[in-house]
Amino acid sequence: MKSNINYSLYTQRPAIGVIVFAMLVLFIQGCKKNLNFSYQVQDRKVLMFDMLKTDSSMSIAVAALQRAKKSGPDSTKTGQNSLTLASTLDSYGPYTFFAPDNNAFRKYFAVRGKKGLEDFSDSALYDLMNYHILQTRLKASGFIQGPQATTTGAGDYLSIDISKGYKTTAIANGVATIYQTDLEFYNGFVHKLDAVLDPPTLTIGEFLKNNPDKYSILIGGLTRAGLMDTLSSLTNSSGVRVRLTLFAETNDVLQKAGIQSFDGLPSDSLVRLMRDHLVPGQNASSSYTHLTAAVPALKIVQRWDSTLMTIDQQDYIYFDLAGLHLIDGSTDFTASDIGARNGIINNLSVPLSFPSTKKRTQIYHTFWNETNYCYGIPGFANGNSTPVANGSSGNWRYYFESAAGNMLFMSPDGVNDSLVTVVRNIRKGKYQFAVNVKNGGRGTFQLYNGSDTIGPPVNYSFPGLPQFRQNYVIGTYNFLTSGNKRLNFVCTVVGGIDLECLILTPVY
C-alpha cells in the first residue's frame with residue numbers, strides 16, 4: 001500500500017518533481033555565481049586597446065604599441081621578450097595613455113627625417129610609447145601643474161601645463177596639446193595628443209656634459225665639489241631613484257659676473273656653494289610660489305613667496321612671484337623646467353648668492369594642528385603628542401573657540417613642566433615672536449630654543465585686558481641654523497596656557 005501511495009503521488013502530480021528539480025538547479029547555479037572567490041574579472045569589459053584598434057585616427061599608435069617590446073638583458077626573463085605594450089593596454093590595468101594621433105606621428109616622422117615606424121626598432125618604440133603610459137587612472141580634473149604625481153612606465157615624469165585649463169587646452173611637455181580628454185575604459189583613461197612626446201634620455205649630468213659651450217664653468221665647479229657623479233646617476237648607491245632640481249648659471253651669465261672658473265675658491269666654500277645650487281626633489285617652477293592670504297588682525301601680510309631648502313639643509317633659495325625679480329629680488333629664469341631623467345634644470349639670469357640678509361617668509365604656526373608634546377601634565381605620560389579633543393575640561397586638550405579659532409590648552413601641576421611645539425621651515429636669521437592666546441587664571445611661561453631664552457617670562461593671564469590677546473609680542477630670536485625647531489614653553493609660575501597661534505615675522 002505504501003509503495004502504491006508514493007507511486008500515485010508522483011504519477012498523479014508529476015509537476016511537483018519537475019518544479020523541485022528546477023528550483024534545485026537554479027539554486028546551485030545561483031550559488032556558483034555568488035560564491036565566486038576569484039579576483040579575475042569574469043566578463044571581459046571594454047579595454048582601451050580594444051577601442052583604440054577601432055579608432056581610425058589612432059592607427060599608427062596602435063601599430064607602434066603592437067610592435068613595442070623590450071630588448072636587452074631584461075628581455076630574457078621568462079616570457080618578457082614576447083610581451084608588447086599592446087598586451088599591456090589589453091590587460092586590466094589601471095592605466096592612463098596619452099595617445100598621439102596619426103597627424104602627431106606624421107609630424108614626428110617629418111621632423112626626425114623618418115619614413116615611418118619601420119625606421120624604429122621594437123625596443124626604440126617600447127621606450128617611446130612606454131613614456132606615454134602612466135600606471136594609474138588619471139582624469140583630466142586630476143592633472144596638476146608641472147610633473148604629474150605618478151611617473152610613466154619607465155619611471156620618468158610627464159609634465160603638464162594647465163594654466164589655460166585642463167579639459168582641451170592643457171599642454172604636455174611644452175609641445176603637445178591634450179585636445180581630447182577622459183576617454184574612459186574599463187582599465188583606465190585615454191587622452192589624445194596632437195604631438196608625440198620624446199622621453200627624457202639624459203640625466204642632469206649628462207645634459208650638462210652634452211652642452212659644454214653653455215655649462216663648462218659650472219661643470220668644473222660641480223666636478224671639484226664631487227657632485228657630477230650624483231647628477232649623472234639615475235639611482236643612488238641604495239638603488240633609489242635620484243630626484244634633484246639644479247639651479248644653473250650658464251657660462252655667459254657667470255662671465256658677465258666676472259667668474260671665469262671656480263678653481264680659485266677654497267674647497268669647503270666651493271662644496272657649499274655647489275650644494276646650494278641643488279634642491280631635493282623634482283618640482284616644477286609653478287610650485288615655487290603660492291598665495292598666503294592676509295590676516296590683518298594678526299599682522300599677517302598677503303604674499304606670494306616661499307623658500308626652497310638646498311641639499312645642505314641650511315641655505316635656501318627665496319622666491320617671490322610679486323617681486324620685481326622672482327629669485328632673491330635680483331634673479332629670474334632664462335629657461336625653466338628643462339626635464340632630465342633624474343630631475344629638472346632651471347637656468348638663471350644672475351648667479352645665486354647667499355647673504356646673511358637673504359629674505360625669509362613670515363611663519364604662521366597654529367598649535368592645534370602641529371606636532372606638540374607635553375611634559376609633567378597630570379594624567380599624561382611625558383612626551384605625549386596627542387592632546388584630547390575636549391571643549392570643556394582636561395589638562396591636555398584642543399577645542400574650537402568661536403571667538404578665536406582652534407585652541408591648544410595645557411595645565412601643568414608644577415614649575416618646569418612644559419609644552420614643546422615643533423615649528424616647521426624656520427630659515428636661519430632673526431624673527432619677532434608673537435602669540436594669540438586666551439587669558440584668565442593662566443600661568444607664567446618662558447619660551448626656549450634649546451637652552452636659549454626667547455624674550456622674558458610671560459604671564460598669560462593678561463589681567464584687565466580682553467579675554468583674547470591677539471598678536472602679543474613676546475620676544476625676538478636669531479636662529480643660527482635652518483630647519484624644523486622644537487620650541488619649549490617652560491612653566492615658571494603654575495597655571496595653564498591657552499594658545500591659538502604663534503607668528504614669526506622676519507627681522508632684518
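Where a number appears in this text, it was derived from the coordinates with a stated rule and is not lab data. Note that this is a predicted model, so its numbers are computed, not measured. Every residue, glycine among them, receives a Cβ derived from its backbone with ideal geometry; neighbour counts consider all protein chains shown.
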Requested in this report: Starting from the Cα gyration tensor of the range 266-391, multiply each eigenvalue by 5, take the square root, and state the resulting semi-axes largest first in whole Å.
Outcome: 35, 20, 15
Query - Amide H within-cut-off set for Gly188, under 5 Å, with H built and near neighbours excluded - result: Tyr95
Query raised in the report: How much length is gained if the chain between Gln313 and Ser261 is pulled fully straight, taking 0.36 nm per residue apart and subtracting their Cα-Cα distance, in nm to one decimal?
Result: 16.2 nm
Query - Zone residues, the range 391-413, relative to Gln467, backbone N less than 20 Å from point 7 Å out along Cα-to-Cβ - result: 391-411
Query raised in the report: How large is ³J(HN,Hα), in whole Hz, for each residue of the range 408-420 in order, when computed from phi with the Karplus curve 6.51 cos²θ - 1.76 cosθ + 1.60 and θ = phi - 60°, using x for Gly and Pro?
Result: 10, 10, 9, 10, x, 10, x, 5, 6, 5, 8, 10, 10
Report summary line: Inter-part gap, Cα centre of the range 295-359 to Cα centre of the range 379-437, in whole angstrom, is 32 Å
Query - Mean Cα-pair separation over length for the chain, i.e. relative contact order, pairs under 8 Å, 6 or more apart, % - result: 9 percent
**Report entry** Cα-derived Rg over Rh, computed across the range 315-363 with Rh taken as Kirkwood radius
**Finding:** 1.01
Query - the range 204-348 - percent relative contact order, Cα under 8 Å, separation 6 or more - result: 25 percent
Query - For the chain, size of Cβ-based charge dipole, Lys and Arg +1, Asp and Glu -1, in debye - result: 1180 debye
Report summary line: Heads up, the range 204-348 by the C-alpha gyration tensor (a ≥ b ≥ c square roots of eigenvalues; a/c under 1.5 rounded, else a/b over b/c prolate, else oblate) looks prolate
Report summary line: Expected vector for the range 295-307, Karplus 3J(HN,Hα) from phi with 6.51, -1.76, 1.60 and θ = phi - 60°, integer Hz, x for Gly and Pro, equals 10, x, 4, 9, 6, 8, 8, 5, 7, 10, 10, 6, 10
Requested in this report: Would you pull out the residues with amide H under 5 Å of Thr476's amide H, same chain only if 5 or more places away, H placed 1.01 Å from N?
Outcome: Phe433, Gly455
Query raised in the report: Given charges of +1 on the Cβ of Lys and Arg and -1 on the Cβ of Asp and Glu, with all other atoms neutral, how large is the dipole of the range 280-346 about its Cα centre, in debye to the nearest 20?
Result: 220 debye
Requested in this report: Set the Förster radius R0 to 45 Å, insert the Cβ-Cβ distance between Asp452 and Phe333 as r into 1/(1 + (r/R0)^6), and round the FRET efficiency to 0.05.
Outcome: 0.70
Requested in this report: Quickly rank 463-476, 334-347, 237-250 as a protection proxy: mean count of other C-beta atoms within 10 Å, highest first.
Outcome: 334-347, 237-250, 463-476
Query raised in the report: Relative to the present Cα-Cα distance, how much length would full extension add between Glu370 and Ser57 at 0.36 nm per residue of separation?
Result: 107.4 nm
Report summary line: The residues Asp268, Asp50, Asp315, sorted from fewest to most surrounding Cβ atoms within 10 Å, come out as Asp268, Asp50, Asp315
**Report entry** Debye, to nearest 20: dipole size of the range 363-507, +1 on Lys, Arg Cβ, -1 on Asp, Glu Cβ
**Finding:** 420 debye
**Report entry** Table column - 3J(HN,Hα) (Hz), the range 429-441, Karplus curve with 6.51, -1.76, 1.60, x for Gly and Pro
**Finding:** x, 8, 10, 8, 9, 9, 10, 10, 9, 10, 8, x, x
Query raised in the report: If packing is taken as the mean number of other Cβ atoms within 10 Å per residue, what is the order of 64-71, 281-288, highest first?
Result: 64-71, 281-288
Requested in this report: Work out, step by step, the length gained on full extension between Thr201 and Asn406: first 0.36 nm times the residue separation, then minus their alpha carbon distance; give nm to one decimal.
Outcome: 68.8 nm
Report summary line: A student applying the Cα gyration tensor rule (rounded when a/c is under 1.5; otherwise prolate if a/b is larger than b/c, oblate if not) would label the range 57-179 oblate
Requested in this report: Quote the FRET efficiency, to the nearest 0.05, computed for Ser392 versus Leu298 with a Förster distance R0 of 22 Å and r equal to the Cβ-Cβ distance.
Outcome: 0.25
**Report entry** Inter-label distance for Ser71 and Asp252, nm, one decimal - labels placed 7 Å from Cα along Cα-to-Cβ
**Finding:** 4.0 nm
**Report entry** Separation of the Arg243 and Ile144 label points, Cα + 7 Å toward Cβ, nm
**Finding:** 0.8 nm
Report summary line: Quick shape check on the chain: root eigenvalues a ≥ b ≥ c of the Cα gyration tensor, a/c under 1.5 is rounded, otherwise prolate if a/b tops b/c, else oblate, and it reads oblate
**Report entry** Amide H partners (placed H, <5 Å) of Arg397, local residues excluded
**Finding:** Val388, Phe409
